[in-house]
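Everything on this sheet refers to the single structure shown next.
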Amino acid sequence: MEHGLILAAILFGLGLAGVLVRRNIIFMLMSVEIMLNAAGLAFIAAGARWGAVDGQVMFIFILTMAAAEVSVGLALVLQMYHSFRTLDTDKVSTMKG
Amino acid sequence: MNTELFFIPFFPLAGFIMLALAGKRLPKRVVASIGAGSVGLSALLASATGIRFLLAPPQGQVLSLTLWDWMQVGGTTVSVSFLLDPLSLIMVLVITVVGFLIHLYATQFMEHDEGYSRFFAYMNLFVFAMLVLVLADNLVVLYLGWEGVGLCSYLLIGFWYADPANGRAARKAFIVTRVGDTAMAIGLFLLFSHLGTLNINELMIAAPARWPVGADTAVLAAALLLGGAVGKSAQLPLQVWLPDAMAGPTPVSALIHAATMVTAGVYLVARTHVLFELAPPVQAAVAVIGAATLLIAGLSALAQRDIKRVLAYSTISQIGYMFLALGVGAWSAAMFHFMTHAFFKALLFLGAGVVILAQHEEHDMFRMGGLRDKLPATFWTFLVGAASLSAVPLVTAGFYSKDLILWHAWSAPRGGAALWAAGLAGAFITSLYTFRMVFLTFFGESKTGISFKPGRAMTVPLMLLAGLSIIGGFVELPETLGNLPLFSRFLNPVLPAGPASSPEGVSEFFLQLDASFASLAGIGVAWVLYVLRPAFVVKLTAVPAVESARKFWLAGGDFDALYNRLFVRPFVRLAEMSKRDFIDSGYTGIADLSSAANHLLSRTQTGNIRWYAMGIALGAAVFLAIVVVLSP
Amino acid sequence: MTYLFYISAAVAVVSTLLVVTRTHAVHALLYLVVSLLSLGVIFFVLGAPFVAALEVIIYAGAIMVLFVFVIMMLNLGAQAAEHEQQLFKPGVWIGPSILCAVLVVELLYLLTSARQPVSAAPIAPKLVGIALFGPYVIGVELASMLLLAGLVGAYHLGRPHKH
């Protein structure tokens, strides 16, 4: 089972790297999706090990949450583009200080 | 029947209260009568008491009166009580009689001043405090009077308070004497803790019983009391306040800073002389201080231009003579000189006041001149006073008192040739500067016109004091000139006779010759320098060394600059440091630290989303690292 | 079965790597879809067929399509691609990469402390459904509220604002 967890860890690390390195908000959101997926994989792997349904149930909840988050997040991205005319997160730092 | 002891100080106190409460509303004549009259009543009562004392001496030569118990502390009771013995009788007579004459003079001198009633209120309060000082039975009441005269001195020096310089002079006087007062208070505490009493007579009995001659505690206590005396009497090293105190009105200078307050130190040492006899090093210090002061002050007087400052330095110098006498054990000689000095110094100050008024408030002697013909009464009385100060032989009171001191300085076991030589040199310098003053002011050409002629209220005191300056010396004729030591015989119960003088009458006569020669030589030199050849002095001051010496002595030996560097500047620097509240820096430091930390941490709020994500990742990495490291 | 797991795992890792390193948004998205599909296969291997189906349908099908729509609306053109190029200077990606590497190593260390077999018996969707409407019914209700909030929020935020 831990191979699944290892895979989840690797994917999570990659997603985190993506969040930290990319500047474009779209890519950052994509990387967040990767991380969510990795977490879900971890749950499924754990559920498979114990032979319980709880892992799959958790994954369904994660899925639901990801869906809601993406819709709201992309709407916010549209607002950001409307206000700042750019998708570069480094430029959107008016909350500085 | 000792109630007169209560009334003698009571009259001036009543005068003060009346004038303080209602003085402003009373017409000037009434104020003058209350002000001068209260002291006059005291003088009458004191004279009557004196006569009775002489004709029918009370038991033990002492009159005492206890008013009430002031405080009970440490098992003993301190009461407000008065004591009249020959020593305090002399003081009371001088204070009230000379004080009355000065008050009378002041009624005309201060006529045009709008603080008329305030002046007389303060003066009366001063006379009251001084009488309390000399009549005090114990050191606590004496200290009360001591502080009282210090307060009145401050009030009167700064009388014309609108000018800030006067306030500064008053503060300087108060603070410098305070240094001495603190030493004296500590001395009082020491005496009380060791001997358990502060009653003067009891102290004078208990001290020799308890301490051998030269005991450390006795030396310490005597030194502390000496500190107080030095401060009040403007001796080295606390003499810096008296020349500046001339900022006050002239009657104030006459009464307080010539005749009475500054002699309080002499009175204190004379009163507690038993203690000083127990402490030979301190008594030697008294003599040395006296000798040094009289020389330094004399030289300073020689360089002054302001007529009142000459008289101020002269006062310091003459009190130096009194200290010299105390230091060699000639107690009654010191008191004799005190009495004659009160007469002629008050006379000189009052005369100087007339001169100043007559010269449009001019103080600089070099701008005066030729007043001999214009102010004849003033001139003749001033001349008498100057002669007495210079100890012109045989006819003046000053001669007898100064000569007595010089004789004791030579012949007493504690005296010596060095002290006598200092006294002799001082006598020469004294007559030199005195007659310099006379010649500059009254002789020569008149440089400023007359603006005032004194009335009866001013000339009568002048003439009375002049008379006293002549006959006042005849109460103590030395062996070579009549042998009539009435004065010291009178004081004998309180101030035991001075150490045995050598039986060689010839030696005393020889010293008297020397003293006479010194004073006459001083007059002669002054005549030559300031009347015959005034240009010589001008040429002399053109020499740079002489000029810098003149400037040095003009500043009174430059003690002000020395003290400024030693005490004032470090203190001001400490105050500046403390102004920034460095002790608070512990607390403000915490606030500053938080503020700095805030600045540092607020730099992490970049508004950059990736930075925040990096923060999260970093935190997770650190946390996991801890788990990895700490797990088994 | 085990080989299927390892092959899909490799595909997932490679495609995820390509996702985070592409400059063109649509390319990255497509690689992300591949990654998701491979994850679906892995789920199936791990005995969760229902979840695998859900992954493909909802995640790859709906959420990724949403991304594609938004990218097309924003019209990220060529200049965006150039803009992204500069991010591949070594100074930019070396720091975060090291950080993530450290994190992954720590996780791997912790995970390899115990050893278990890989494959498992499949779990029937029926059991999942019973669990959802049994002990987890409150979670289901909350999830539906969340979706409602997301819906309203997306609608409100997506409206053109007149400034």
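Values quoted throughout were computed directly from the atomic coordinates according to the rules given, and no laboratory measurement underlies them. In this text, all values refer to a predicted model and were calculated from it rather than measured experimentally. FYI the Cβ positions are ideal-geometry reconstructions off the backbone, even for glycines, and counts take in every protein chain you see.
Summary of values
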{"quantity": "Between 0 and 90°, nearest 10: helix B:417-442 axis offset from chain B longest Cα axis", "calculated": "80"}
{"quantity": "Calculated SAXS-style log₁₀ I(q)/I(0) at q = 0.09, 0.14, 0.20 Å⁻¹ - region B:484-621, Debye, Cα scatterers", "calculated": "-0.76, -1.01, -1.19"}
{"quantity": "Translational diffusion coefficient (Stokes-Einstein; Kirkwood radius from C-alpha pairs) of region B:367-497 at 37 °C, 0.692 mPa s, in µm²/s", "calculated": "196"}
{"quantity": "Residue B:595-residue C:57 FRET efficiency (beta carbon distance; Förster radius 45 Å; 0.05 resolution)", "calculated": "0.20"}
{"quantity": "Against the rule of thumb 2.2 N^0.38 Å, how large the Cα Rg of region B:269-423 comes out", "calculated": "1.14"}
{"quantity": "Residue-count net charge about residue A:39 - beta-carbon cut-off 14 Å; Lys, Arg +1, Asp, Glu -1", "calculated": "-3"}
{"quantity": "Near-label residues of region A:1-24 by backbone N, under 18 Å of a point 7 Å along Cα→Cβ of residue A:50", "calculated": "A:1-6"}
{"quantity": "Computed over chain B: relative contact order in percent, which uses C-alpha pairs under 8 Å that are six or more apart", "calculated": "12"}
{"quantity": "Cα pair distances in region B:57-172, grouped into 5 Å bins until the bin that holds the longest one, percent each", "calculated": "2, 10, 16, 18, 17, 13, 10, 7, 4, 2, 0"}
{"quantity": "More than 29 angstrom apart: percent of Cα pairs within region B:163-314", "calculated": "24"}
{"quantity": "log10 of Debye I(q)/I(0), alpha-carbon scatterers only, for region B:80-136 at 0.13, 0.21, 0.25, 0.28 Å⁻¹", "calculated": "-0.39, -0.79, -0.96, -1.09"}
{"quantity": "Kirkwood Rh, Cα atoms: Rg over Rh of the protein assembly as shown", "calculated": "1.47"}
{"quantity": "Scattering profile of chain A at q = 0.22 Å⁻¹ [log10 I(q)/I(0), Debye over alpha-carbon scatterers]", "calculated": "-1.07"}
{"quantity": "Residue C:108/residue C:152 FRET efficiency (R0 41 Å; Cβ-Cβ; nearest 0.05)", "calculated": "0.45"}
{"quantity": "Average other protein chain Cβ within 10 Å of Cβ, residues A:42-48", "calculated": "6"}
{"quantity": "Estimated dipole of the protein assembly as shown in Debye, rounded to 20 [Cβ of Lys and Arg +1, of Asp and Glu -1, Cα centre]", "calculated": "1640"}
{"quantity": "Cα pair distances exceeding 19 angstrom across region B:545-632, given as percent", "calculated": "74"}
{"quantity": "Filter on B:232/B:453; B:232/B:345; B:374/B:551; B:232/B:579; B:345/B:447; B:172/B:232 - keep pairs with C-alpha separation over 24 Å", "calculated": "B:232/B:453; B:374/B:551; B:232/B:579; B:345/B:447"}
{"quantity": "Size of electric dipole in region B:569-632: Cβ of Lys, Arg +1 and of Asp, Glu -1, about Cα centre, debye, nearest 20", "calculated": "200"}
{"quantity": "Summed residue charge, Cβ within 13 Å of residue B:591's Cβ, Lys/Arg positive, Asp/Glu negative", "calculated": "-3"}
{"quantity": "Projected label distance in nm at residue B:171 and residue C:144, using a 7 Å step from Cα toward the beta-carbon", "calculated": "8.8"}
{"quantity": "Calculated Rg and Dmax of region B:138-227 using C-alpha coordinates, Å", "calculated": "16.6, 54"}
{"quantity": "Per-peptide average of other Cβ atoms within 10 Å, ordering B:342-348, A:23-29, B:122-128 highest first", "calculated": "B:342-348, B:122-128, A:23-29"}
{"quantity": "Sorted by Cβ density within 10 Å, fewest first, the residues B:571, B:82", "calculated": "B:571, B:82"}
{"quantity": "Relative contact order [Cα under 8 Å, 6+ residues apart], region C:1-55, whole percent", "calculated": "36"}
{"quantity": "Rough spin-label spacing in nm, given labels placed 7 Å along Cα→Cβ, for residue B:616 and residue C:101", "calculated": "2.4"}
{"quantity": "Shape parameters for region B:169-217, alpha-carbon atoms, Rg then Dmax in Å", "calculated": "14.3, 44"}
{"quantity": "Convex hull volume of region B:18-68 per residue (C-alpha atoms, cubic angstrom)", "calculated": "77"}
{"quantity": "Cα-based convex hull volume of chain B per residue, rounded to whole Å³", "calculated": "268"}
